[in-house]
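K.L.:
One structure follows; several queries about it will come next.
Here, each number is a calculation from the coordinates, and none is a lab measurement. The model shown is predicted, which means the values in this text are computed figures rather than measured ones.
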């Protein structure tokens, strides 16, 4: 499917050509992966589209995406990334089910802000464990901290 090169496209048209949502097309515009068309003057109709995209940039991105989808190394890299993310999420779920607490949970139990918990973690007064890219607190460590605070 090719597009006419001289006609600017609306975000909606670009989304349809690329098989993406309109929000993703706007993200690509902001990231300069698509080029905004300056040739279109906005009509006096208030319901007219606000953003136009050059057909050339849409076509170039479409071709690039098609080439990437066919690349077996790229497919394998994406599969490995998905698998690693899935493993991180599973590790986090398992840890949370086994008496591990997030900083927000700790803050709620201590009656302090989440930022105060992070300050305690950074000072070393509250030990944490990193699981799945997140810092978690063992329930036993929280109880020890509560007893230490109560004995003061």
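K.L.:
Pick out which of 66, 31, 14 has the largest mean-square fluctuation in a Gaussian network model of the chain, springs linking Cα atoms closer than 10 Å.
P.N.:
31
K.L.:
Also: Taking springs between alpha-carbon atoms closer than 10 angstrom, which of 50, 75, 12 fluctuates most in the Gaussian network model of the chain?
P.N.:
50
K.L.:
With springs connecting C-alpha atoms under 10 Å apart, model the chain as a Gaussian network and identify which of 11, 58, 112 has the largest mean-square fluctuation.
P.N.:
112
K.L.:
Normalised by the number of residues in the chain, what is the relative contact order in percent for Cα pairs under 8 Å and 6+ residues apart?
P.N.:
For the chain, the relative contact order is 17 percent.
K.L.:
Something else now. Taking Cα atoms, how many degrees apart are the long axis of helix 72-97 and the longest axis of the chain, rounded to 10 and kept between 0 and 90?
P.N.:
The answer is roughly 30 degrees.
K.L.:
Which value at 222 nm does the chain reach when only helices count, each DSSP H run of 4 or more adding -39,500 (n - 2.57), with the total divided by all residues and rounded to the nearest 500 deg cm²/dmol?
P.N.:
-18500 deg cm²/dmol
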